[in-house]
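J.: First, the structure itself, so that you have it in front of you.
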Amino acid sequence: MSNLSVQPLSAAYLIHGEEELLRIEALDAIRSAARSQQYNEREVINIETGFDWASLLSSVHSVGLFADKKLLEIHIPSGKPGKEGAAVLQQLAEQLPEDTCLLLILPKLERLQTQSKWFSSWAKNAQIFDAKAINQNALPQWIKNRLAAQNLNIDNDALALFAEKVEGNLLAAKQEIDKLALIHPAGHIVTLDEAQTVVANVARFDIFQLSAAWMSGNSERVLRLLEGLASEGNEPVLLLWVISEDIRTLIRLLAALKQGKSISEMRQSLRLWGEKQTLAPQAARRIGIRRLLEALQICAYIDRQIKGAEEGNAWAEIKHLFLSLTI
């Protein structure tokens with residue numbers, strides 16, 4: 001929440017990003033500040049397909065009839081306002097109403113959306129909070145900071161276990177931290193035994209975490225993610241799609257680099273966002289074009305297995321493929 005100021009309340013806020021817990025906390029902070037600053041009227045508008053955008057403008061312009069300050073929440077679950085909505089949102093940002101705090105809540109936005117005119121207007125006239133996901137490397141420090149806020153500390157082994165068990169699920173991590181705060185007094189140092197007893201195995205095994213894992217050569221994490229995904233009943237066809245797309249991306253990247261193009265030039269066309277911008281070039285050079293082309297042939301073989309045209313265990317083949325690419 002370090003980049004979100006709610007005292008005093010600003011005229012407009014935009015909350016977006018993929019991490020649900022951080023979006024919820026930002027929303028709660030603004031609502032709390034609004035209550036404390038006598039924003040006595042609150043209206044929530046959910047934007048769905050077919051929404052009448054003129055009604056949103058009516059809600060905005062109705063402010064002041066009862067001399068109350070108003071918090072107007074605009075939720076767009078799809079993250080896509082459409083052409084008409086984009087025009088209305090741009091107008092709102094450029095003509096902020098008096099005695100109203102506008103609060104726009106969206107999921108993770110694609111790069112193209114953040115470069116749109118309506119988003120640029122909000123970035124200029126409102127506070128923007130990007131609820132970015134906490135990656136594996138940053139998660140231990142995030143947990144440690146959250147525990148410190150509860151006047152608790154944690155030893156290194158316990159912290160490593162905690163991070164492993166709640167990986168990819170900050171909501172669950174928060175619940176476990178709250179649980180530890182209830183059990184232990186201020187100043188307590190959480191030990192490995194205590195973490196094993198209290199912290200539940202609530203990792204959310206995200207298929208797309210596999211990309212960063214195998215590209216970074218982390219075979220241990222790849223294996224753990226694959227086992228978790230299998231236990232959750234994920235179909236091998238989804239994993240095959242992910243690894244196939246990643247391999248094709250690395251092949252195209254190597255071809256572009258051979259032609260003298262830079263990573264920054266290829267970033268947008270190859271969708272090298274976040275960690276992939278660093279990991280993909282490293283993986284491409286480590287594996288090489290010959291092995292990548294062979295891996296693509298293996299993907300085709302696994303696809304035939306899934307469809308019943310070849311004998312064999314598709315899950316076992318996928319596991320072998322992922323692990324082979326970590327070397």
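The values are calculated or read from the model by the stated rules, or taken from the named source; none is laboratory data. None of the values given here were measured: they were computed from a predicted structure. Backbone-built Cβ (ideal geometry, glycine too); neighbour counts: all protein chains shown.
J.: Could you look through segment 90-109, keep only residues that are in a helix (DSSP H, G or I) and not hydrophobic (A, V, I, L, M, F, W, C), and pick out the one that is nearest to SER58 (Cα to Cα)?
T.: Out of the qualifying residues, it is GLN91.
J.: I've got another one for you. Return yes or no: is ARG35 free of Cβ contacts under 8 Å to residues at least 12 places away in the same chain and either assigned by TED's automatic domain parsing to the domain that holds LEU102 or crowded, with 18+ Cβ neighbours inside 10 Å (or both)?
T.: Criteria met by ARG35.
J.: On the basis of being buried (at least 19 other Cβ atoms within 10 Å of the Cβ) and touching a residue at least 40 places away in the same chain (Cβ under 8 Å), does VAL222 make the cut?
T.: Yes, satisfied.
J.: Mind listing whichever residues of segment 176-217 are of a type outside the set (Val, Ile, Thr), farther than 15 Å from GLN136 by Cβ and part of a loop (DSSP other than H, G, I, E, B)?
T.: Within segment 176-217, HIS184, PRO185, ALA186, GLY187, HIS188, ALA200, ASN201 meet the criteria.
J.: Given the conditions (1) touching a residue at least 24 places away in the same chain (Cβ under 8 Å); (2) in a loop (DSSP other than H, G, I, E, B); (3) within 30 Å of SER216 (Cα to Cα), report the number of the one that ASN137 does not fulfil.
T.: (1)
J.: Name the residues in segment 38-70 that are polar (S, T, N, Q), surrounded by 12 or more Cβ atoms within 10 Å (Cβ to Cβ) and at pLDDT below 85, would you?
T.: Result: SER59, SER62.
J.: In segment 227-241, which residues are aliphatic (A, V, I, L, M) and either touching a residue at least 40 places away in the same chain (Cβ under 8 Å) or surrounded by fewer than 17 Cβ atoms within 10 Å (Cβ to Cβ) (or both)?
T.: Of everything in segment 227-241, those that are aliphatic (A, V, I, L, M) and either touching a residue at least 40 places away in the same chain (Cβ under 8 Å) or surrounded by fewer than 17 Cβ atoms within 10 Å (Cβ to Cβ) (or both) turn out to be ALA230, VAL237, LEU238, LEU239, LEU240.
J.: A further question on this structure: Output the residues belonging to segment 1-18 that are modelled with pLDDT of 90 or more and under 21 Å from the mean Cα position of the chain (by Cα).
T.: Hits for segment 1-18 are TYR13, LEU14, ILE15, HIS16, GLY17.
J.: Here's a check for you: in segment 227-263, which residue that is at pLDDT below 90 and among the hydroxyl-bearing types (Ser, Thr, Tyr) is farthest from PRO281 (Cα to Cα)?
T.: Top of the filtered list is SER231.
J.: Suppose we filter segment 278-288 for residues that are loosely packed, with under 14 Cβ neighbours inside 10 Å and at negative phi; how many remain?
T.: The total comes to 2.
J.: Go through segment 172-214 and count every residue that is touching a helix residue (DSSP H, G or I) at 6+ places or on another chain (Cβ under 7 Å), closer than 22 Å to GLU18 by Cβ and modelled with pLDDT under 80.
T.: Residues meeting the conditions: 5.
J.: Does LEU250 count as assigned to a helix (DSSP H, G or I), among the aliphatic types (A, V, I, L, M) and touching a Ser or Thr at 6+ places or on another chain (Cβ under 6 Å)?
T.: It is false that LEU250 is assigned to a helix (DSSP H, G or I), among the aliphatic types (A, V, I, L, M) and touching a Ser or Thr at 6+ places or on another chain (Cβ under 6 Å).
J.: Residue by residue through segment 275-312, note down the ones that are without any contact (Cβ under 8 Å) to a residue 12 or more places away in the chain, of a type outside the set (Lys, Arg) and farther than 17 Å from SER324 by Cβ.
T.: Listed by number, the residues that qualify are THR278, GLY308, ALA309, GLU310, GLU311.
J.: Filter segment 7-43 down to the residues that are of a type outside the set (Lys, Arg), in a strand (DSSP E or B) and farther than 30 Å from ARG204 by Cα and list them by number.
T.: Matches in segment 7-43: ALA12, GLU41, GLU43.
J.: Hey, does segment 153-168 have a residue that's without any contact (Cβ under 8 Å) to a residue 12 or more places away in the chain and farther than 30 Å from LEU89 by Cβ?
T.: Within segment 153-168, one or more residues are without any contact (Cβ under 8 Å) to a residue 12 or more places away in the chain and farther than 30 Å from LEU89 by Cβ.
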